[in-house]
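Accompanying notes for the structure given below.
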Amino acid sequence: MKKILAVLVSSLLVSASILMGSDESSAYNDFQRLLQSFDPNAMVKAVNNDHSGAPAEQKREKFIKTVTDSALAVMDQAADFERRYPQSLQLQQVRDGAKQSISMAFGYLGFPIPVGRVAEVESCTRKLLEIYGKDDGLHMVLFRIAERQPPSQQRAKLEELSLEATSGEACERVKTALRNLARLGLPVELSFAAVGGETVSPSALKGKVVVVDFWAPSCGPCIRDFPGMKEFYDKHKADGLEVLGISVDPDEKELKNYLEKHPLPWPIKYDGSESTYRLSETFGIHEIPVVWLIDRHGKLRDVNGREDRDKKIEALLLEP
């Protein structure tokens, strides 16, 4: 099968070369080679692998940088091809490749865009939306850009997106993010029975800074956060810090097996069954890891608490 596909691809490239000039043909072939190295399935698999350990973390960081650089290279090469050959018969395929790459890397997978390239990626995404119209992957890119903004700027961008022709998952993400931003500064009451049998209640959390960690045993990035979180928790528990784990994995047995092998020093709620009161559903948690921070007065202060987590928690602990 692979040989047949290789022959077909080769035949298509030869046919394209006949229709195009040599420079255009060379540019198109270079773009296709770059695009073929961009494997979405390999990306997803790699993101979910390597749960912990320094070598695994370094490997993952290197992988993310490689994917990010590749997606940006595809975007740049597509823009250069369109600038040089605006009448090319292959232009649509080039645009398709650019759309696929940035949608997967920066939209669905949510890899961070280098700060200096955010404006370019946003501009490219909006241009592609003008061409393709409603497209969930492209709208996901705009959503990711918006959610990484400071709360004041984030709200404005999300409200703008909510007025556009968003679709599918991106539309739900925008609506949920706006609802959660509206929760900032308001009381959040948490009450549940933890896996170990203890009861979590608003009265038990009164006067504490609470970290709400939405996670699952199958989530690699979630597991990688635990060593640092445990160390930080041990250091600041006496200062009034509490952590609550909300496991959204549907397999309760897997959760219990994980906790037996890797016990956590804070209450864990199994939140993966429709028969339970699902906090993740109530708060519109679409993906993990997600960390919320609640101050000593029970008010939600941050819905992006995983970013600069320790620094933000220390600031809340200093508040009266």
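The values are calculated or read from the model by the stated rules, or taken from the named source; none is laboratory data. Here the structure is a predicted model, which is why all the values come from computation and not from measurement. No Cβ is skipped: glycine too gets one built from the backbone with ideal geometry, and neighbour counts run over all protein chains shown. Surface accessibility is based on the protein's heavy atoms, side chains included, excluding ligands, DNA and RNA. Shrake-Rupley method; radii C 1.70, N 1.55, O 1.52, S 1.80 Å.
Things worth noting here:
- If the condition is being over 20 Å from the mean Cα position of the chain (by Cα), within 30 Å of ILE64 (Cα to Cα) and among the basic types (Lys, Arg), then segment 221-247 contributes only LYS230.
- Any hit, segment 202-218, residues being without any contact (Cβ under 8 Å) to a residue 24 or more places away in the chain, open to solvent by 20 Å² or more (accessible area, probe 1.4 Å) and outside any helix (DSSP H, G or I): no
- Taking the listed residues ARG306, ARG301, the one that is of a type in the set (Lys, Arg), under 23 Å from ARG173 (Cβ atoms) and in a strand (DSSP E or B) is ARG301, with no other qualifying.
- Taken together, GLU287, GLU281, GLU252, GLU231 contain a single residue that is acidic (Asp, Glu), in contact (Cβ under 8 Å) with a residue 40 or more places away in the chain and open to solvent by 60 Å² or more (accessible area, probe 1.4 Å), which is GLU287.
- Taken over segment 290-320, the criterion of being open to solvent by 60 Å² or more (accessible area, probe 1.4 Å) and farther than 19 Å from LEU205 by Cα is satisfied by ARG306, GLU307, ASP308, LYS311.
- Enumerated helices (runs of 4 or more DSSP H) restricted to segment 55-150, each holding at least 3 residues that are free of Cβ contacts under 8 Å to residues at least 12 places away in the same chain: 91-102, 118-132
- Looking across segment 263-278, the residues that are open to solvent by less than 50 Å² (accessible area, probe 1.4 Å), over 22 Å from the mean Cα position of the chain (by Cα) and in contact (Cβ under 8 Å) with a residue 24 or more places away in the chain come down to LEU264, TRP266, PRO267, ILE268, LYS269, TYR270.
- Taken across segment 134-142, residues that are over 15 Å from the mean Cα position of the chain (by Cα), open to solvent by 10 Å² or more (accessible area, probe 1.4 Å) and under 21 Å from ILE113 (Cβ atoms) do occur, with at least one present.
This table checks each residue for (1) modelled with pLDDT under 90; (2) open to solvent by 50 Å² or more (accessible area, probe 1.4 Å); (3) under 22 Å from ALA98 (Cα atoms).
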position	(1), (2), (3)
LEU12	yes, yes, yes
SER17	yes, no, yes
GLN36	yes, yes, yes
MET43	yes, no, yes
GLY53	yes, no, no
ALA56	yes, no, no
LYS65	yes, yes, yes
ASP69	no, yes, yes
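- One residue from LEU109, LEU128 being touching a Lys or Arg at 6+ places or on another chain (Cβ under 6 Å) and buried (at least 16 other Cβ atoms within 10 Å of the Cβ): LEU128
- Within segment 228-273, the residues that satisfy the criterion of being acidic (Asp, Glu) and either assigned to a loop (DSSP other than H, G, I, E, B) or modelled with pLDDT of 95 or more (or both) are GLU231, ASP234, ASP239, GLU242, ASP249, ASP251, ASP271.
- ARG224 being farther than 21 Å from LYS311 by Cβ and among the basic types (Lys, Arg): no
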